[in-house]
Number of protein chains: 2
Amino acid sequence: MKKTAQKFMMLAIERAKQAIEKGQTPFGACIVKDEQVISCEHNTVWDTTDITAHAEINAIRKACIKLDTVDLSGCVIYSTCEPCPMCFAACHWARISKIVFGARIKDAKQAGFSELIVSNEEMKRLGESSVEIVAGFLSEENIELFKLWSQNSEKRAY
Amino acid sequence: MKKTAQKFMMLAIERAKQAIEKGQTPFGACIVKDEQVISCEHNTVWDTTDITAHAEINAIRKACIKLDTVDLSGCVIYSTCEPCPMCFAACHWARISKIVFGARIKDAKQAGFSELIVSNEEMKRLGESSVEIVAGFLSEENIELFKLWSQNSEKRAY
(Lines give C-alpha, C1' and ligand atoms only; values in the text may rest on other atoms or scores of the structure.)
Protein backbone atom coordinates (compact mmCIF):
# COMPACT_ATOMS: atom_id res chain seq x y z
CA MET A 1 0.00 0.00 0.00
CA LYS A 2 1.16 3.50 -0.81
CA LYS A 3 1.98 6.10 1.79
CA THR A 4 -1.12 8.01 0.73
CA ALA A 5 -3.24 5.03 1.83
CA GLN A 6 -1.76 5.41 5.31
CA LYS A 7 -2.60 9.10 5.24
CA PHE A 8 -6.24 8.44 4.32
CA MET A 9 -6.62 5.73 6.98
CA MET A 10 -5.13 8.08 9.55
CA LEU A 11 -7.81 10.63 8.62
CA ALA A 12 -10.48 7.97 9.28
CA ILE A 13 -8.79 7.16 12.60
CA GLU A 14 -8.72 10.84 13.58
CA ARG A 15 -12.44 11.08 12.78
CA ALA A 16 -13.12 8.02 14.97
CA LYS A 17 -11.20 9.68 17.81
CA GLN A 18 -13.38 12.77 17.43
CA ALA A 19 -16.42 10.47 17.68
CA ILE A 20 -15.14 9.03 20.95
CA GLU A 21 -14.63 12.53 22.36
CA LYS A 22 -18.21 13.41 21.40
CA GLY A 23 -19.73 10.30 23.05
CA GLN A 24 -20.29 8.55 19.75
CA THR A 25 -18.98 5.09 18.86
CA PRO A 26 -15.38 4.54 17.66
CA PHE A 27 -15.79 4.23 13.93
CA GLY A 28 -14.55 6.44 11.08
CA ALA A 29 -14.58 6.18 7.30
CA CYS A 30 -12.95 8.21 4.56
CA ILE A 31 -13.91 8.09 0.86
CA VAL A 32 -11.22 8.99 -1.66
CA LYS A 33 -11.28 9.45 -5.42
CA ASP A 34 -8.20 10.21 -7.53
CA GLU A 35 -6.22 10.74 -4.31
CA GLN A 36 -8.67 13.44 -3.21
CA VAL A 37 -10.72 13.12 -0.03
CA ILE A 38 -14.41 13.26 -0.92
CA SER A 39 -15.88 12.67 2.55
CA CYS A 40 -14.63 11.65 5.98
CA GLU A 41 -17.24 10.89 8.62
CA HIS A 42 -17.69 9.17 11.95
CA ASN A 43 -20.57 7.16 13.33
CA THR A 44 -23.47 9.34 14.56
CA VAL A 45 -25.98 6.70 15.73
CA TRP A 46 -26.46 8.28 19.16
CA ASP A 47 -26.17 11.86 18.01
CA THR A 48 -28.86 11.55 15.34
CA THR A 49 -30.96 8.71 16.86
CA ASP A 50 -30.43 6.85 13.59
CA ILE A 51 -29.34 3.22 13.86
CA THR A 52 -28.22 3.32 10.23
CA ALA A 53 -25.82 6.24 10.76
CA HIS A 54 -22.62 4.19 10.66
CA ALA A 55 -19.44 5.95 9.56
CA GLU A 56 -19.47 4.28 6.14
CA ILE A 57 -23.16 5.07 5.48
CA ASN A 58 -22.58 8.69 6.51
CA ALA A 59 -19.52 8.92 4.26
CA ILE A 60 -21.36 7.36 1.30
CA ARG A 61 -24.35 9.69 1.69
CA LYS A 62 -22.09 12.72 1.84
CA ALA A 63 -20.04 11.56 -1.15
CA CYS A 64 -23.20 11.03 -3.24
CA ILE A 65 -24.30 14.60 -2.52
CA LYS A 66 -20.83 16.04 -3.09
CA LEU A 67 -20.27 14.26 -6.41
CA ASP A 68 -23.97 14.61 -7.33
CA THR A 69 -24.28 10.94 -8.26
CA VAL A 70 -25.20 7.64 -6.63
CA ASP A 71 -22.37 5.98 -8.59
CA LEU A 72 -19.12 6.10 -6.64
CA SER A 73 -17.16 3.97 -9.12
CA GLY A 74 -13.45 4.63 -8.81
CA CYS A 75 -13.75 5.54 -5.13
CA VAL A 76 -11.88 3.82 -2.31
CA ILE A 77 -13.31 3.69 1.21
CA TYR A 78 -10.93 3.57 4.16
CA SER A 79 -12.76 2.28 7.20
CA THR A 80 -11.33 1.92 10.70
CA CYS A 81 -13.33 -1.31 11.11
CA GLU A 82 -14.45 -3.93 8.60
CA PRO A 83 -17.80 -2.71 7.24
CA CYS A 84 -20.73 -4.58 8.74
CA PRO A 85 -22.98 -6.34 6.19
CA MET A 86 -25.17 -3.19 6.02
CA CYS A 87 -22.19 -1.02 5.13
CA PHE A 88 -20.61 -3.63 2.83
CA ALA A 89 -23.84 -3.83 0.84
CA ALA A 90 -24.07 -0.02 0.78
CA CYS A 91 -20.55 0.05 -0.74
CA HIS A 92 -21.76 -2.47 -3.32
CA TRP A 93 -24.81 -0.38 -4.23
CA ALA A 94 -22.58 2.70 -4.53
CA ARG A 95 -20.19 0.74 -6.81
CA ILE A 96 -17.22 1.64 -4.62
CA SER A 97 -14.16 0.02 -6.18
CA LYS A 98 -12.10 -0.84 -3.12
CA ILE A 99 -12.66 -1.31 0.60
CA VAL A 100 -9.63 -0.91 2.89
CA PHE A 101 -10.27 -1.65 6.56
CA GLY A 102 -8.37 -2.02 9.83
CA ALA A 103 -10.06 -3.86 12.70
CA ARG A 104 -12.31 -6.87 12.13
CA ILE A 105 -16.06 -7.23 12.76
CA LYS A 106 -15.15 -9.69 15.51
CA ASP A 107 -13.16 -6.94 17.27
CA ALA A 108 -16.30 -4.76 17.29
CA LYS A 109 -18.34 -7.71 18.58
CA GLN A 110 -15.81 -8.21 21.36
CA ALA A 111 -16.12 -4.51 22.24
CA GLY A 112 -19.87 -5.01 22.80
CA PHE A 113 -21.55 -4.31 19.47
CA SER A 114 -24.28 -6.75 18.36
CA GLU A 115 -22.62 -7.48 15.03
CA LEU A 116 -23.79 -9.97 12.44
CA ILE A 117 -20.53 -11.85 12.04
CA VAL A 118 -20.38 -12.17 8.27
CA SER A 119 -17.00 -11.12 6.89
CA ASN A 120 -16.54 -8.90 3.86
CA GLU A 121 -14.79 -11.74 2.05
CA GLU A 122 -17.82 -13.99 2.64
CA MET A 123 -20.28 -11.28 1.52
CA LYS A 124 -18.18 -10.73 -1.62
CA ARG A 125 -18.11 -14.46 -2.39
CA LEU A 126 -21.81 -15.04 -1.72
CA GLY A 127 -22.98 -11.94 -3.58
CA GLU A 128 -20.46 -12.36 -6.40
CA SER A 129 -19.30 -8.79 -5.90
CA SER A 130 -16.31 -7.42 -7.77
CA VAL A 131 -15.21 -5.03 -5.00
CA GLU A 132 -11.53 -5.24 -4.05
CA ILE A 133 -10.92 -5.84 -0.33
CA VAL A 134 -7.80 -4.97 1.68
CA ALA A 135 -8.12 -6.31 5.22
CA GLY A 136 -6.16 -5.54 8.37
CA PHE A 137 -4.63 -2.25 7.22
CA LEU A 138 -3.01 -0.43 10.18
CA SER A 139 -4.86 -2.97 12.30
CA GLU A 140 -3.00 -2.19 15.51
CA GLU A 141 -3.92 1.51 15.41
CA ASN A 142 -7.49 0.63 14.48
CA ILE A 143 -8.04 -2.00 17.17
CA GLU A 144 -6.62 0.54 19.63
CA LEU A 145 -9.72 2.71 18.99
CA PHE A 146 -11.90 0.18 20.84
CA LYS A 147 -9.59 0.37 23.86
CA LEU A 148 -9.72 4.17 23.79
CA TRP A 149 -13.52 4.09 23.56
CA SER A 150 -13.86 1.53 26.37
CA GLN A 151 -12.07 3.88 28.76
CA ASN A 152 -14.96 6.34 28.47
CA SER A 153 -17.32 5.65 31.37
CA GLU A 154 -20.28 6.96 29.36
CA LYS A 155 -19.69 4.71 26.37
CA ARG A 156 -22.75 3.03 24.90
CA ALA A 157 -22.73 0.17 22.42
CA TYR A 158 -25.81 -0.99 20.47
CA MET B 1 -51.22 -14.28 8.80
CA LYS B 2 -53.88 -12.01 10.20
CA LYS B 3 -55.97 -9.68 8.11
CA THR B 4 -54.13 -6.74 9.65
CA ALA B 5 -50.90 -8.06 8.13
CA GLN B 6 -52.54 -7.81 4.70
CA LYS B 7 -53.59 -4.25 5.50
CA PHE B 8 -50.04 -3.24 6.45
CA MET B 9 -48.54 -4.87 3.37
CA MET B 10 -51.11 -3.10 1.21
CA LEU B 11 -49.95 0.22 2.73
CA ALA B 12 -46.37 -0.63 1.71
CA ILE B 13 -47.61 -1.53 -1.78
CA GLU B 14 -49.50 1.77 -2.04
CA ARG B 15 -46.34 3.62 -1.06
CA ALA B 16 -44.37 1.74 -3.73
CA LYS B 17 -46.99 2.76 -6.30
CA GLN B 18 -46.57 6.39 -5.25
CA ALA B 19 -42.81 5.95 -5.77
CA ILE B 20 -43.38 4.71 -9.31
CA GLU B 21 -45.60 7.72 -10.06
CA LYS B 22 -42.85 10.03 -8.78
CA GLY B 23 -40.12 8.42 -10.90
CA GLN B 24 -38.60 6.56 -7.98
CA THR B 25 -38.01 2.80 -7.80
CA PRO B 26 -40.83 0.37 -6.92
CA PHE B 27 -40.14 -0.40 -3.28
CA GLY B 28 -42.16 0.35 -0.15
CA ALA B 29 -41.82 -0.56 3.53
CA CYS B 30 -44.10 -0.13 6.52
CA ILE B 31 -43.01 -0.48 10.17
CA VAL B 32 -45.68 -1.47 12.67
CA LYS B 33 -45.66 -1.76 16.46
CA ASP B 34 -48.62 -3.01 18.53
CA GLU B 35 -50.75 -2.90 15.37
CA GLN B 36 -49.98 0.80 14.91
CA VAL B 37 -48.18 2.12 11.81
CA ILE B 38 -44.98 3.86 12.91
CA SER B 39 -43.59 4.71 9.48
CA CYS B 40 -44.36 3.89 5.84
CA GLU B 41 -41.84 5.00 3.24
CA HIS B 42 -40.78 4.39 -0.32
CA ASN B 43 -37.35 4.32 -1.92
CA THR B 44 -35.95 7.82 -2.58
CA VAL B 45 -32.53 6.99 -4.09
CA TRP B 46 -33.05 9.22 -7.14
CA ASP B 47 -34.99 11.93 -5.36
CA THR B 48 -32.35 12.47 -2.67
CA THR B 49 -29.21 11.35 -4.58
CA ASP B 50 -28.61 8.89 -1.74
CA ILE B 51 -27.81 5.31 -2.73
CA THR B 52 -28.67 4.17 0.81
CA ALA B 53 -32.21 5.59 0.70
CA HIS B 54 -33.99 2.27 0.25
CA ALA B 55 -37.56 2.03 1.50
CA GLU B 56 -36.56 -0.03 4.54
CA ILE B 57 -33.70 2.30 5.52
CA ASN B 58 -36.01 5.31 5.15
CA ALA B 59 -38.68 3.61 7.27
CA ILE B 60 -36.16 2.62 9.97
CA ARG B 61 -34.71 6.15 10.13
CA LYS B 62 -38.17 7.66 10.48
CA ALA B 63 -39.24 5.08 13.09
CA CYS B 64 -36.12 5.78 15.20
CA ILE B 65 -36.93 9.49 15.23
CA LYS B 66 -40.63 8.95 15.88
CA LEU B 67 -40.08 6.52 18.78
CA ASP B 68 -36.97 8.44 19.91
CA THR B 69 -34.89 5.28 20.16
CA VAL B 70 -32.57 3.22 17.99
CA ASP B 71 -34.12 0.05 19.46
CA LEU B 72 -37.12 -1.05 17.41
CA SER B 73 -37.69 -4.29 19.34
CA GLY B 74 -41.27 -5.46 18.99
CA CYS B 75 -41.63 -3.85 15.57
CA VAL B 76 -42.56 -5.69 12.38
CA ILE B 77 -41.41 -4.44 8.97
CA TYR B 78 -43.59 -5.15 5.93
CA SER B 79 -41.52 -4.79 2.80
CA THR B 80 -42.74 -5.13 -0.78
CA CYS B 81 -39.46 -6.85 -1.68
CA GLU B 82 -37.09 -9.01 0.34
CA PRO B 83 -34.69 -6.60 2.08
CA CYS B 84 -31.29 -6.50 0.39
CA PRO B 85 -28.35 -7.38 2.68
CA MET B 86 -27.96 -3.67 3.55
CA CYS B 87 -31.57 -3.43 4.68
CA PHE B 88 -31.57 -6.86 6.35
CA ALA B 89 -28.55 -5.85 8.44
CA ALA B 90 -30.21 -2.48 9.23
CA CYS B 91 -33.23 -4.42 10.55
CA HIS B 92 -30.83 -6.46 12.67
CA TRP B 93 -29.13 -3.38 14.11
CA ALA B 94 -32.56 -1.89 14.89
CA ARG B 95 -33.57 -5.15 16.63
CA ILE B 96 -36.71 -5.39 14.50
CA SER B 97 -38.54 -8.57 15.58
CA LYS B 98 -40.08 -9.71 12.32
CA ILE B 99 -39.54 -9.15 8.60
CA VAL B 100 -42.50 -9.84 6.27
CA PHE B 101 -41.76 -9.49 2.58
CA GLY B 102 -43.39 -10.11 -0.79
CA ALA B 103 -41.17 -10.32 -3.87
CA ARG B 104 -37.71 -11.89 -3.77
CA ILE B 105 -34.30 -10.25 -4.27
CA LYS B 106 -34.04 -12.28 -7.49
CA ASP B 107 -37.20 -10.56 -8.79
CA ALA B 108 -35.50 -7.19 -8.25
CA LYS B 109 -32.36 -8.48 -9.97
CA GLN B 110 -34.47 -9.61 -12.91
CA ALA B 111 -36.02 -6.13 -13.06
CA GLY B 112 -32.54 -4.65 -13.52
CA PHE B 113 -31.24 -3.85 -10.03
CA SER B 114 -27.63 -4.82 -9.27
CA GLU B 115 -28.55 -6.87 -6.22
CA LEU B 116 -26.19 -8.91 -4.10
CA ILE B 117 -28.12 -12.17 -4.22
CA VAL B 118 -27.91 -13.22 -0.58
CA SER B 119 -31.30 -14.25 0.81
CA ASN B 120 -32.62 -13.13 4.17
CA GLU B 121 -32.69 -16.75 5.32
CA GLU B 122 -28.99 -17.09 4.47
CA MET B 123 -28.09 -13.80 6.19
CA LYS B 124 -30.03 -14.93 9.27
CA ARG B 125 -28.26 -18.28 9.34
CA LEU B 126 -24.76 -16.88 8.74
CA GLY B 127 -25.17 -14.02 11.20
CA GLU B 128 -27.01 -16.13 13.77
CA SER B 129 -29.78 -13.54 13.89
CA SER B 130 -32.97 -14.18 15.84
CA VAL B 131 -35.23 -12.14 13.52
CA GLU B 132 -38.39 -13.92 12.37
CA ILE B 133 -38.82 -14.03 8.58
CA VAL B 134 -42.06 -14.43 6.61
CA ALA B 135 -41.29 -14.75 2.90
CA GLY B 136 -43.54 -14.44 -0.13
CA PHE B 137 -46.40 -12.59 1.53
CA LEU B 138 -48.85 -11.27 -1.12
CA SER B 139 -46.10 -12.14 -3.57
CA GLU B 140 -48.27 -11.78 -6.67
CA GLU B 141 -49.25 -8.19 -5.84
CA ASN B 142 -45.66 -7.39 -4.91
CA ILE B 143 -44.04 -8.86 -8.01
CA GLU B 144 -46.64 -6.91 -10.03
CA LEU B 145 -44.95 -3.69 -8.84
CA PHE B 146 -41.92 -4.44 -11.02
CA LYS B 147 -44.18 -4.83 -14.06
CA LEU B 148 -45.90 -1.55 -13.29
CA TRP B 149 -42.53 0.19 -12.88
CA SER B 150 -41.12 -1.30 -16.09
CA GLN B 151 -43.94 0.29 -18.09
CA ASN B 152 -42.59 3.74 -17.20
CA SER B 153 -40.34 4.81 -20.07
CA GLU B 154 -38.30 7.02 -17.70
CA LYS B 155 -37.58 4.25 -15.22
CA ARG B 156 -34.02 4.02 -13.92
CA ALA B 157 -32.53 1.10 -12.02
CA TYR B 158 -29.19 1.23 -10.18
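The values are calculated or read from the model by the stated rules, or taken from the named source; none is laboratory data. It should be emphasised that the depicted structure is a prediction, and the values quoted were computed from it without experimental measurement. Glycine also receives a Cβ, built like all others from the backbone with ideal geometry; neighbour counts cover every protein chain displayed. Just the protein is used for accessible areas: all its heavy atoms, side chains included, with ligands, DNA and RNA removed. Shrake-Rupley method; radii C 1.70, N 1.55, O 1.52, S 1.80 Å.
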Practice item. Return the loop-located trypsin sites (Lys or Arg not before Pro) in region A:3-79 (DSSP other than H, G, I, E, B) with at most 15 other Cβ atoms within 10 Å of their own Cβ; answer none if there are none. Key: A:Lys22
Practice item. Based on alpha-carbon positions alone, could you give the equivalent ellipsoid semi-axes of region B:1-86 from the gyration tensor, as √(5λ), descending, whole Å? Key: 20, 16, 10
Exercise for review: In nm to one decimal, list the spacings between the A:Ile65 label point and its equivalents in the other copies, with label points set 7 Å along Cα to Cβ, shortest first.
Suggested key: 1.3
**Study point:** Cysteines without a disulfide-compatible neighbour (Cβ-Cβ under 4.7 Å), the protein assembly as shown
**Key:** A:Cys64, A:Cys75, A:Cys81, A:Cys84, A:Cys87, A:Cys91, B:Cys64, B:Cys75, B:Cys81, B:Cys84, B:Cys87, B:Cys91
Exercise for review: Provide the net charge surrounding A:Ser130, with neighbours chosen by a C-beta distance below 11 Å and charges set as Lys +1, Arg +1, Asp -1, Glu -1.
Suggested key: +1
Practice item. Leaving out ligands, DNA and RNA, calculate the buried accessible area for the pair A and B with a 1.4 Å probe, summed over both sides, in Å² to the nearest 100. Key: 3200 Å²
Exercise for review: Using the structure shown, select from A:Lys33/A:Lys62; A:Lys124/B:Lys147; B:Lys62/B:Lys155 the pairs with a Cα to Cα distance greater than 20 angstrom.
Suggested key: A:Lys124/B:Lys147; B:Lys62/B:Lys155
Review point. Just how far, in whole angstrom, is region A:117-158 from region B:97-135 if you go by their alpha carbon centroids?
Key: 23 Å
Point to revise | Length-normalised contact order for region A:8-101 - Cα pairs under 8 Å, 6+ apart - percent | key: 26 percent
Point to revise | Rounded percent of accessible protein surface that carbon and sulfur make up, chain A, 1.4 Å probe | key: 46 percent
Check your understanding: Taking a probe of 1.4 Å, how large is the accessible area per residue of chain B, in Å²?
Key -> 42 Å²
Point to revise | region B:2-16 - phi-based ³J(HN,Hα) in whole Hz, Karplus 6.51/-1.76/1.60, Gly and Pro as x | key: 6, 5, 5, 4, 4, 4, 5, 5, 5, 5, 5, 5, 4, 5, 4
**Study point:** Whole-angstrom gap from region B:1-76 to region A:1-27, using each part's C-alpha centre
**Key:** 33 Å
Revision key, fill the gap. With every protein chain in place, the residues of region B:54-99 shedding 50 Å² or more of accessible area versus the chain by itself (probe 1.4 Å) are B:Arg61, B:Val70, B:Met86, B:His92, B:Trp93
Review point. Relative to the other copies, what are the label-point distances for B:Glu121, with labels 7 Å from Cα along the C-beta vector, expressed in nm at one decimal and sorted shortest first?
Key: 2.8
**Study point:** Copy-to-copy label separations for B:Ala157, where each label sits 7 Å from Cα toward Cβ, in nm and ascending
**Key:** 4.0
**Study point:** chain A - mean residue ellipticity at 222 nm from DSSP helices (-39,500 (n - 2.57) per run, n ≥ 4, rounded to 500)
**Key:** -13500 deg cm²/dmol
Check your understanding: So what is Rg over Rh here for the protein assembly as shown, counting just Cα atoms and using Kirkwood for Rh?
Key -> 0.96
Study note, to complete from the structure: Once normalised by the length of chain B, the mean sequence separation of its alpha carbon contacts under 8 Å that are 6 or more apart gives a contact order in percent of 21 percent
**Study point:** Stokes-Einstein diffusion coefficient of region A:2-158, Kirkwood radius over Cα pairs, 20 °C, 1.002 mPa s, in µm²/s
**Key:** 141 µm²/s
